[in-house]
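So the structure is just underneath, and the comments pick up after that.
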Amino acid sequence: MAYTELWRNIYYLKLATRPSCYNCKYTNLERVGDITIADCRGIEETNVDFEYMDGVSLVLINTSRGLSVFEKISKEILKHKISVE
């Protein structure tokens, strides 16, 4: 728990980012990877009907290869499709 709080403080105080992070060409929806995984910030604002108190991951499928991989694991995970907006 203490480690989680420490990392959260480092993140929100922006101590873990470099100046180049603010000009990164990869921080948009035109992704170069097959799959993008991130924290799903704002999930509580959707109509998702599952428990999210421990956090929810966001998975963006960027390519047909990424979709193929995701389909292979999709029966093993709890998922809900939401809009990127």
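The values are calculated or read from the model by the stated rules, or taken from the named source; none is laboratory data. As the structure is a prediction and not an experimental result, all values here were calculated from the model. Here the Cβ positions follow ideal geometry from the backbone for every residue, glycine too, while neighbour counts run over all protein chains shown. Surface areas here come from the heavy atoms of the whole protein model, side chains and all, with no ligands, DNA or RNA. Shrake-Rupley method; radii C 1.70, N 1.55, O 1.52, S 1.80 Å.
Tabulated data
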{"item": "In Å², nearest 10: area of R41 left accessible to a 1.4 Å probe", "result": "150"}
{"item": "Percentage relative contact order, the chain, counting C-alpha pairs under 8 Å, at least six apart", "result": "26"}
{"item": "Label-point gap, in nm, between S20 and K75 - each point 7 angstrom along Cα→Cβ", "result": "4.3"}
{"item": "Net lengthening on full extension, V32/N9 (0.36 nm per residue, minus Cα-Cα)", "result": "5.3 nm"}
{"item": "Accessible surface, per residue, of the range 10-85 when the full set of protein chains is kept, probe 1.4 Å, Å²", "result": "91"}
{"item": "Reported label for calculated mean projected area of the Cα convex hull in nm² given (i) 7.0; (ii) 5.7; (iii) 7.4", "result": "(iii)"}
{"item": "DSSP-loop chymotrypsin sites (Phe, Trp or Tyr not before Pro) across the range 26-85, with at most 10 other Cβ within 10 angstrom", "result": "Y26, F50"}
{"item": "Check: the chain dipole with +1 on Lys, Arg Cβ and -1 on Asp, Glu Cβ, in debye", "result": "460"}
